[in-house]
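Below: one structure, written as structure tokens.
The values are calculated or read from the model by the stated rules, or taken from the named source; none is laboratory data. The structure displayed is predicted, hence computed values, not measured ones. Methodologically, a virtual Cβ is constructed for each residue, glycine included, from the backbone with ideal geometry; neighbour enumeration extends over all protein chains shown.
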Amino acid sequence: MRIRSVEPFILHAPIAQGSISDSTNTISHWGIVGARIETEDGLVGYGFTGTHAHLASDRLIAACIGDCYAPLLLGEDAADGDRLWLKLARHPALQWVARAGIAHLALAAIDIALWDLRAKKAGLPLWKLLGGATVDRLEAYNTDIGWLSLTRDALVAGCTRVVEQEGFRRIKIKVGHDDPMIDITRIEAVRRAVGPHVTIAVDANGKWDLPTCKRFCARAEALDLFWFEEPMWYDDVRSHAALAAATAIPIALGEQLYNADAFEGFIGAGAVHYVQPDVTRLGGITEYIRVADAAHARRLPVVAHVGDMGQVHVHLSFWHPATTMLEYIPWIRDCFVEPIAIEDGHYLPPQAPGAGCTPTDAALQAYRMPLRG
Ligand code: 0YR
Ligand code: MG
């Protein structure tokens, strides 16, 4: 599997329901910034990282793939996964500037493409190559009905629809108004509509401070929340540990963390109960496995964040024994040869060989953005 070429690409796929907001972002497109890696035996692997479709920074990620990492991969054997990950991640000049951020998103796209190649070579879906599925059905929780931009009536209608008509038993609602009591009334309305048996998680996307979170939790505890996700600034271990000690609501986080060491800080401090690694931010599957194993060693559940909107994470989640469910946001599913599939609120295991990241020709044509201005 000698690597013949490594080509970056950028797709901007529109979000069907138009623009949506959480507490910190308003977006109308999802960015798919990827690597296409071809080997001398004619195999083609794809990996990508998910972005908010900001073209200037997407171009930096693409340049990192094409200009910084690609020359280090040409002629190498794609089968040497761990060795190649170290070659890229620990390259002296790149390590100096690239241990997180844009470069780590680029590294993730490449690492996923290398795993995609290995799974295609083996003729197996990635979950099977990794060791097989540890669950028959993978429960999904629906985020796509909980946006902060929805009116309270639309929020309640969407939550009711996916519970009553689509079989979801778990939903997530965005929070983060300046006045947290607005969020409380929205959650109360949803709880009244869906009843006591549907789990409701909430996600503040890092917006609030510790006093606001404590005020919110004092009222929210009566609403039986499944978890409180990213209540405060992403790197603030101490405040999350303080909140975890002050409330009965479990804390979930991880989508903004770049490496296993960052997770170790939160896990070691007792500041997280649901561990949410994201392969598209963590430098790829190689580092994701380290995080999931570390969580598993502490008996903490893993529920991946789906920056890839589930295409790769469904493989990792069917396989890794610490996984208890997976987020569901279907925005970009039609861009892929084998889209994520849901039935009765559960993911179905992908069947095609690879990591689920091969875009359709139609998506490559319709949504491709120029690499340079
Ligand atoms: C919008 N899931 C999240 C959306 C979502 C974000 O930026 O992607 O809300 O990724 O926090 O848990
Ligand atoms: Mg989140």
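Filtering the stretch 295-320 down to residues that are among the small types (Gly, Ala, Ser) and not in a helix (DSSP H, G or I), which residue is surrounded by the fewest Cβ atoms within 10 Å (Cβ to Cβ)? Don't jump to the end; show me each part of the working.
Of all residues in the stretch 295-320, those among the small types (Gly, Ala, Ser) come to 295, 297, 304, 307, 310, 317.
Restricting the remaining residues to those that are not in a helix (DSSP H, G or I) gives 304, 307, 310.
On the way: Ala304: 28, Gly307: 23, Gly310: 28.
Here the residue is Gly307.
A quick yes/no check of all residues on (1) surrounded by fewer than 20 Cβ atoms within 10 Å (Cβ to Cβ); (2) touching a residue at least 40 places away in the same chain (Cβ under 8 Å); (3) within 16 Å of ligand 2 (Cβ to nearest atom):
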site: Ser5; (1), (2), (3): yes, yes, no
site: Phe9; (1), (2), (3): no, yes, no
site: Ala16; (1), (2), (3): yes, yes, no
site: Ser23; (1), (2), (3): yes, yes, yes
site: Ile32; (1), (2), (3): no, yes, no
site: Gly42; (1), (2), (3): yes, no, no
site: Phe48; (1), (2), (3): no, yes, no
site: His54; (1), (2), (3): yes, no, no
site: Asp67; (1), (2), (3): yes, no, no
Residue check, Pro330 outside the structural domain of Ile10 (by TED's automatic domain parsing), more than 15 Å from the chain's Cα centre (by Cα) and either under 29 Å from Asp293 (Cβ atoms) or at pLDDT 95 or above (or both) | no
Whichever residue in the stretch 137-169 is away from ligand 2 (no atom under 14 Å from the Cβ) and within 19 Å of the chain's Cα centre (by Cα) and, among such residues, is surrounded by the most Cβ atoms within 10 Å (Cβ to Cβ) | Ala140
Go through (1) in a helix (DSSP H, G or I); (2) within 25 Å of the chain's Cα centre (by Cα); (3) more than 16 Å from ligand 2 (Cβ to nearest atom) one by one and return the number of the condition His177 breaks.
-> (1)
If you check every pair at least six apart or on different chains, which have Cβ atoms under 6 Å apart with a residue in the stretch 167-187 that is within 16 Å of ligand 1 (Cβ to nearest atom) first and a residue that is among the aromatic types (Phe, Trp, Tyr) second?
-> Arg170/Tyr141; Lys172/Tyr141; Lys174/Trp147
Hits in the stretch 303-327 - residues which are among the β-branched types (Val, Ile, Thr) and either within 14 Å of ligand 1 (Cβ to nearest atom) or assigned by TED's automatic domain parsing to the domain that holds Ile20 (or both) = Val303, Val306
Just name the residue that is nearest to Trp147 (Cα to Cα) out of those in the stretch 5-40 that are within 11 Å of ligand 1 (Cβ to nearest atom) and of a type in the set (A, V, I, L, M, F, W, C).
-> Ile20
Residues being touching a residue at least 40 places away in the same chain (Cβ under 8 Å) and of a type outside the set (Gly, Ala, Ser): count how many of those fall in the stretch 239-277.
-> 8
Which condition does Glu327 not pass, out of (1) buried (at least 16 other Cβ atoms within 10 Å of the Cβ); (2) outside any strand (DSSP E or B), if it passes all the others?
-> (2)
